[in-house]
Each structure stands twice: as C-alpha cells, then as structure tokens.
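The values are calculated or read from the model by the stated rules, or taken from the named source; none is laboratory data. This structure is a prediction, so every number in the text was calculated from the model and none was measured. Don't worry about glycine lacking a Cβ; one is built from the backbone with ideal geometry, like all the others, and counts go over all protein chains shown. Only protein heavy atoms, including side chains, enter the accessible area calculation; ligands, DNA and RNA are left aside. Shrake-Rupley method; radii C 1.70, N 1.55, O 1.52, S 1.80 Å.
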Amino acid sequence: MTRTEKIRLLSNLAFVQVREGLDTLRSRLGLLKPAQLELDVVLPSNTALVEALNSKTPGIEKPRAPPS
C-alpha cells in the first residue's frame with residue numbers, strides 16, 4: 001500500500017469507530033430511534049432479472065415480493 005492509501009484507510013477506520021461510539025452513546029441516551037420498515041418495502045419487485053437470479057442460486061430461499 002502506498003502512504004496515501006494507508007492514511008485514507010486509517011482515516012476511514014477512525015471515522016467508523018467515532019461514528020460507532022456516537023451511535024452507542026445516542027442509543028444509551030434514548031436518542032437513536034430505529035426505523036420502522038415493513039419487509040415489503042425492501043424486497044425486490046418480481047421482474048425477469050430477479051427470477052433469473054433466484055433460479056441461479058439453488059438451495060437459497062429468498063423471500064418473494066408481492067406482485068406489483
């Protein structure tokens with residue numbers, strides 16, 4: 001790794017650690033509110049691409065999105 005890459009990696013790791021610490025503190029203070037999401041919102045639509053990907057990964061059950 002070049003010196004610049006090392007510095008960028010360390011700065012990214014430091015950022016993540018600080019963010020994690022702040023999130024832990026906010027959670028303990030009751031300021032961090034988890035989002036209330038329905039699973040249907042994050043599932044992919046029933047498209048040809050999704051069906052093709054599902055058929056190429058046998059043995060893995062993926063949740064089906066409701067028909068659109």
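Looking across the range 18-32, the residues that are part of a helix (DSSP H, G or I) and surrounded by 10 or more Cβ atoms within 10 Å (Cβ to Cβ) come down to 18, 19, 20, 21, 22, 23, 24, 25, 26, 27. Within the range 1-55, being touching a helix residue (DSSP H, G or I) at 6+ places or on another chain (Cβ under 8 Å) and free of Cβ contacts under 8 Å to residues at least 12 places away in the same chain holds for 1, 32. The residues of the range 7-17 that are open to solvent by less than 100 Å² (accessible area, probe 1.4 Å) and within 19 Å of the chain's Cα centre (by Cα), listed by number, are 12, 13, 16. Can you find even one residue in the range 33-41 that is open to solvent by less than 90 Å² (accessible area, probe 1.4 Å), part of a helix (DSSP H, G or I) and out of contact with any His (no Cβ under 8 Å at 6 or more places or on another chain)? No, there is no match, as no residue in the range 33-41 is open to solvent by less than 90 Å² (accessible area, probe 1.4 Å), part of a helix (DSSP H, G or I) and out of contact with any His (no Cβ under 8 Å at 6 or more places or on another chain).
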